[in-house]
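Everything below concerns the one structure shown next.
Every number here is computed from the coordinates shown, using simple stated rules; none is lab data. Small disclaimer: the values here were computed from a predicted structure and weren't measured. For neighbour counting, all protein chains shown are included, and Cβ atoms are generated from backbone atoms with ideal geometry for every residue, glycine included.
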Amino acid sequence: MSVQEAEARRGFIAAFVAFLIWGLLPIYIHQLAPMPSVQIMAHRVIWACVFVFAYLAIKGDLGKVWAALADAKARLRLAASAVLITINWLVYVWAVSNGHVVDASLGYFINPLVSVLLGVFVLKESLNQTQWVSVALAALGVLWLTFSVGQFPWIAISLALSFGTYGLIRKQVVVESVAGLGVETLLIAPIMLAYLFWTLHTGSFAFGTLGLKVDVMLIASGAVTAIPLVLFAYGVRRVPLSTVGILQYVGPSLQLLTGVFVFHEPFSHTQLVGFGLIWAALVVYALEGVWRNRRLKTTAALADSGAPAAAVATASSAARS
């Protein structure tokens with residue numbers, strides 16, 4: 001095995017473990033359910049901040065945090081992304097704590113397609129016909145769930161929109177993922193600390209009242225939040241994005257299975273139809289991406305081999321269509 005192949009293998013394992021942790025996260029959060037969701041969220045932010053800064057200090061990368069904070073534009077965008085990821089985490093913790101793991105999993109199935117639409121309408125990216133078919137199928141799935149179930153899937157949409165917009169903003173900030181998380185948690189942590197002091201003053205502070213297990217798990221939630229991000233950042237630099245695109249469905253798939261088979265949440269035939277439309281959308285989009293990547297590689301190979309310009313142009317046109 002070559003060095004490059006070994007790196008790719010380690011990258012694949014790292015990315016897979018990251019999505020595995022995210023997929024099993026509901027089981028972890030469920031153990032904290034006796035505590036109010038907002039307090040779980042506050043501890044998650046604070047301990048994630050502590051863990052991330054410890055990690056960056058060990059790596060000698062604290063300077064990247066201070067550099068980001070010194071840049072006014074980066075600071076403003078990271079403040080916005082911090083608000084979005086806080087909303088995302090809070091909705092997710094509330095959903096898991098209140099028996100809506102299946103609804104939360106739907107949000108992360110929809111998220112890639114929300115990111116596609118943000119790319120179209122905000123970044124002015126273009127979609128081909130197959131990609132539009134994928135988006136249309138997902139929209140039909142959401143509409144089906146809204147009108148047949150009789151309730152707008154606000155948990156799923158909130159998670160997908162908050163995380164999709166978060167990704168859009170982070171895409172526009174030239175800061176490494178872990179350092180960026182350090183800035184985000186540093187900006188939000190004082191607010192979370194103030195909230196916890198307020199609960200202490202009002203007598204609703206739950207830390208230390210629910211047993212040692214819950215306290216330890218709350219502190220460890222910082223590592224549980226940061227470790228998969230570190231693994232993902234390591235993996236995404238070493239494996240093709242098409243592979244990452246397929247791996248990202250490990251998380252919501254495990255969440256869905258956890259909700260149905262571990263927490264015994266209802267999953268009706270009506271929901272199956274809606275989820276089925278969204279899964280079909282994801283399959284169409286993933287297969288189109290794989291096909292397009294192969295065509296682009298073929299185009300590059302033709303160009304390198306000195307093939308006639310007409311053949312290269314035909315292959316290039318097919319890859320874009």
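How do the helices (runs of 4 or more DSSP H) wholly within the stretch 63-173 filter down when requiring 3 or more residues that are closer than 30 Å to residue 45 by Cα: which remain? Write out each step before concluding.
Working: elements: 72-97, 101-121, 129-149, 154-171.
So the answer is 72-97, 101-121, 154-171.
For the stretch 180-211, which residues satisfy the criterion of being more than 26 Å from the chain's Cα centre (by Cα) and over 15 Å from residue 40 (Cα atoms)?
201, 202, 203
Here's the yes/no breakdown for (1) basic (Lys, Arg); (2) touching a residue at least 24 places away in the same chain (Cβ under 8 Å); (3) surrounded by 16 or more Cβ atoms within 10 Å (Cβ to Cβ):
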position	(1), (2), (3)
142	no, yes, yes
151	no, no, no
197	no, no, no
220	no, yes, no
